[in-house]
1. Counting residues in region 122-270 as N, plug N into 2.2 N^0.38 Å and put the Cα Rg over that result.
2. Report D for region 79-146 in µm² per second (integer): Stokes-Einstein, Kirkwood Rh on Cα pairs, 20 °C, 1.002 mPa s.
3. How far apart, in nanometres, would the label points at residue 142 and residue 29 be if each is projected 7 angstrom from Cα along the Cα-to-Cβ direction?
4. When the chain is fully extended, how far beyond the present Cα-Cα distance does residue 36 get from residue 361, taking 0.36 nm per residue of separation?
5. Taking R0 as 22 Å, what's the FRET efficiency between residue 286 and residue 404 from their Cβ-Cβ distance, rounded to 0.05?
6. Assuming 0.36 nm per residue, please report the length gained on full extension of the stretch residue 135 to residue 205 beyond their Cα-Cα distance.
7. Full-extension gain between residue 43 and residue 348, please, as 0.36 nm times their residue separation minus the C-alpha to C-alpha distance.
8. What percent antiparallel are the DSSP beta bridges of the chain, to the nearest 5?
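Quick note: the coordinates plus some simple rules give every number you see, no bench work behind them. If you're wondering where the values come from, they're calculated on a predicted model, not measured in any experiment. A quick note on method: Cβ atoms are made from the backbone with ideal geometry, for glycine too, and the neighbour counts reach across all protein chains shown.
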Amino acid sequence: MRLLIDEAAVQTGAPITPASAQFDPFAPDYVADPYAKLRTLRESEPIFYSPELSAWVVTRHETVRNVIRDVARFSSSIVSDPLRPMCPNARKVLQDAAFNVPPLLVNNDPPDHSRVRRFMGTPFQIPRLNALEPFTRETVGLHLDRMMAGPQPADLVKGLTWDVPALVLFKLIGIPASDVDRVKGWAESRVALTSGRPSDDEQVRLARGAAEFYQYSLALVEDKLRHPTDDYTSDLIRLRDGDDAKASLNEIAGHVFNLLFAGHETTSSAAANTFLALLQNREQWQRLCAGEIKASQVAEEGLRFEPPVQARRRLVKQDVELEGHKIPAGSKLFIMVASANRDPQRFEEPDQFCPGRPDVQQHLSFGAGIHLCMGAPLARQELSVMLDEVSRRMPGLRMVPDQALLYTPNTSFRGLRKLLVSW
Ligand code: HEM
């Protein structure tokens, strides 16, 4: 996460077209339903320049996929930069806190990305992830017990989907469950800082949160160095074996800092978005409860239909031509996964929620190529367990009609904040 960067604003000479003015990811109608607007844009101007984002917006599946995979021409270095450059007071907060998270995975390029991915990926393997499954199931069960013992209607986000991915990730990383609320709060601040439009005062507050979050990650790694346990962080420290050439302790702390954001907020959002899609398409819910479709198929279609990570950023390394547009080196791209996943040239009836569609794996919700999400197997496991257990224990689940559906306005992440249900 590069927070201390100075970014130039609007690219000079970039064409301003009708789509440039129409696209505002913070507009209430876009936040309510980004897909309708993206459909119109994809049909009229599949690539356009957005002065709002100082970036070219790319909407077609084929082009989005090609850009993500082409690490020679498109760099990931800007992926986690704040959309709005930090104001001087916020920068000072970070400098005073010696905030220093180096590029590691998501915002790194080869060859260094390859070293870090090899190192961090070695202990992040299927056996460690599979070993978490019973814990995930038990945690889901306890949350459902609590919810079902309480009044109806209840909020499924608060009662289940918000906590579970954080608790599972904490178990993996080796963090006490009592810290869930603190870390969740920091992760939300990070979304606002990097993908929102915070005022200067908000930036200062959010920067304080980022600094605290970073110090927390450093302290965790130091603690695991002294008292290793059976968790992923301790695995990394053992694998490092005191050798900074493999990975420094600050890199491990930076990775933990990143995971404590990437590894639960996304899965929480995916779960909430998928339950909403299911309950809005009741026949699919009934098919799941009747065992006609598998939880894993529902999870995969949920990821395609309402991706929690809606957009990624890339920096153009050399002059390129994309769909006839000449885009100079140094330009930024906003690649719209949310649009790619609904592209009719890739998916039949893309606006229908159809678990079991044969080509669902073509969705780009976990990215593609060398940056393919490292946590995808874990996220899939958690989503399947949640869907399995809720459909087994609450087959009568219904959403409260006419409730307001709330999403936090930002450019890149989409997660339903509340889902009132009865059962
Ligand atoms: C439904 C849940 C999730 C979604 C939708 C998601 C999405 C993504 C996407 C789109 C990328 C690629 C970013 C890019 O190309 O710029 C990514 C990368 C990554 N994700 Fe996830 N993620 C999820 C869950 C997780 C979990 C549970 C973890 C770990 C516990 C995780 C860890 C990572 C890491 C470490 C990377 C960087 C990989 C690299 O650059 O080599 N993610 N994720």
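1. 1.14
2. D = 134 µm²/s.
3. 4.7
4. 114.7 nm
5. 0.30
6. 21.7 nm
7. Full extension of this stretch gives 108.2 nm more.
8. The antiparallel proportion sits near 85 percent.
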